[in-house]
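Worksheet for the structure shown next.
Every read-out reported here was derived from the displayed coordinates using simple, explicitly stated rules and does not represent laboratory data. Keep in mind the model is a prediction, meaning the values are calculated, not measured. Virtual Cβ from ideal backbone geometry, glycine too; neighbours counted across all protein chains shown.
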Amino acid sequence: QWANTAVLLMAYGTPARREDVEAYYTHIRHGRPPSQAELEDLLSRYDAIGGLSPLWQITQRQAAVLQAELNRRHGVDAVKVYLGMKHAHPFIADAIEEILADGRQRVVGLVLAPHYSAMSVGTYLDEAKRALADRRPFFPVESWATHPGLITLLAERIQEIRRQFSDAEQQDLPIIFTAHSLPQRILALKDPYPDELKRTGDRVAEVLGTTHYTFSWQSAGRTREPWMGPDILEKLTQMAADGFRQAIICPAGFVADHLEVLYDLDIQAQQHARQLGMHIERTRSLNDDPALGRILADVVEGALQHD
Ligand code: FEC
């Protein structure tokens, strides 16, 4: 029954060329062009990570590891993966048209972000649903925050770093789990997002057998309204004031290297930590780890189990 299934794999998207950054930024801002200063600020962040973001290349490789795993489980071409980006080409709606043109009969909607919020994953799924317009059955995946494979993989990534520290140092090596901040108004709407991140962190810590962990938000947007805190920079300031000299940052809300990891953590948070006299290490992103392909394939199968 697997034949003719489509997986619409969705991610944030990134500009393909420097000259596309303004259009990309305008799209993120719902059609309002950024000021010259805002645009230059964004361009300077891309410059700092080498010109552009590797996100699109990594997203394509993530689709490839998922496709390989689905081929292995269900035969070549039974389940085909299509990429749809939120803010760049190929857009979600374009992917839906491709799926229909290929004659695929049912569509799983899966976002490359494990934690559900109506303001993040929810908006991808809404857009896919709107573009599909009931032309095929749609099976949305809302959350894969506690998939056992994800928990194990994040725990392994943390262990890689812990091993670099002596046994004595490991006694005092807190883990900070982070995810993208969202506007504070989601809290009044009882959005599950903060709890989703907490559940991931709690499970990973349980696997590691530690109670030495905390949570923080990162990469808040440059808008006027208040965003959820504590931001990672404030968190580090507080931890330094409390006497911590080292920490592991695990950006559990992201599955790829991109601007928010390579700039906000590896450049900005690192610089801030140095000024505070703190040593911080970030866990390696999941990127195109074949284990991620297996996790996503499980999640796809889970979404279709009642069909
Ligand atoms: O590597 C890259 O080129 C792309 C990195 C990137 C990721 C990402 C993830 C999320 N965002 C989310 C929400 C918002 C909201 C606004 C917003 C603004 C930006 C800007 C850039 C940007 N985001 Fe992003 N986001 C990435 C990049 N994001 C660049 C514009 C400059 C700035 O504010 O820093 C505010 C929109 C507005 O102005 O009205 C809201 C959420 C995620 C995590 C989940 C996901 O991946 O979808 C939520 C990666």
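Numbers below:
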{"item": "Loop-located GluC sites (Glu not before Pro) in the stretch 40-143, at most 12 other Cβ atoms within 10 Å (DSSP)", "result": "none"}
{"item": "Kyte-Doolittle at least 0.0, axis length at least 20 Å by Cα - qualifying DSSP helices, the chain", "result": "148-162, 290-304"}
{"item": "Compactness of the stretch 12-117, expressed as Rg and Dmax over alpha-carbon positions, Å", "result": "16.4, 51"}
{"item": "Rounded if a/c under 1.5, otherwise prolate or oblate - the stretch 149-307, Cα gyration tensor axes", "result": "oblate"}
{"item": "Square roots of 5 times each gyration tensor eigenvalue, C-alpha, the chain, largest first, Å", "result": "32, 24, 17"}
{"item": "Neighbour-count order for Lys235, Lys190, fewest beta carbons within 10 angstrom listed first", "result": "Lys190, Lys235"}
{"item": "For Val76, Val299, order by how many other beta-carbon atoms lie within 10 Å, fewest first", "result": "Val76, Val299"}
{"item": "Residues His89, His306 arranged by fewest to most Cβ contacts within 10 Å", "result": "His306, His89"}
{"item": "Convex hull of the stretch 1-65 built on C-alpha atoms - directionally averaged projected area, nm²", "result": "6.0 nm²"}
{"item": "Whether the stretch 185-273 is rounded, prolate or oblate, judged on the alpha carbon gyration tensor where a/c under 1.5 counts as rounded", "result": "rounded"}
{"item": "Helix-only CD estimate at 222 nm, as mean residue ellipticity for the chain, using -39500 (n - 2.57) per DSSP H run (n ≥ 4)", "result": "-13500 deg cm²/dmol"}
{"item": "Selection of trypsin sites (Lys or Arg not before Pro), the stretch 55-86, meeting DSSP coil and at most 10 other Cβ within 10 Å", "result": "none"}
{"item": "Cα centroid separation, the stretch 283-307 to the stretch 61-86 (Å)", "result": "10 Å"}
{"item": "Cα-based Rg / Dmax (Å) for the stretch 239-307", "result": "16.9, 55"}
{"item": "Cross-link partners of Lys190 among lysines (Cα-Cα below 16 Å; sequence separation of 8 or more within a chain)", "result": "Lys198"}
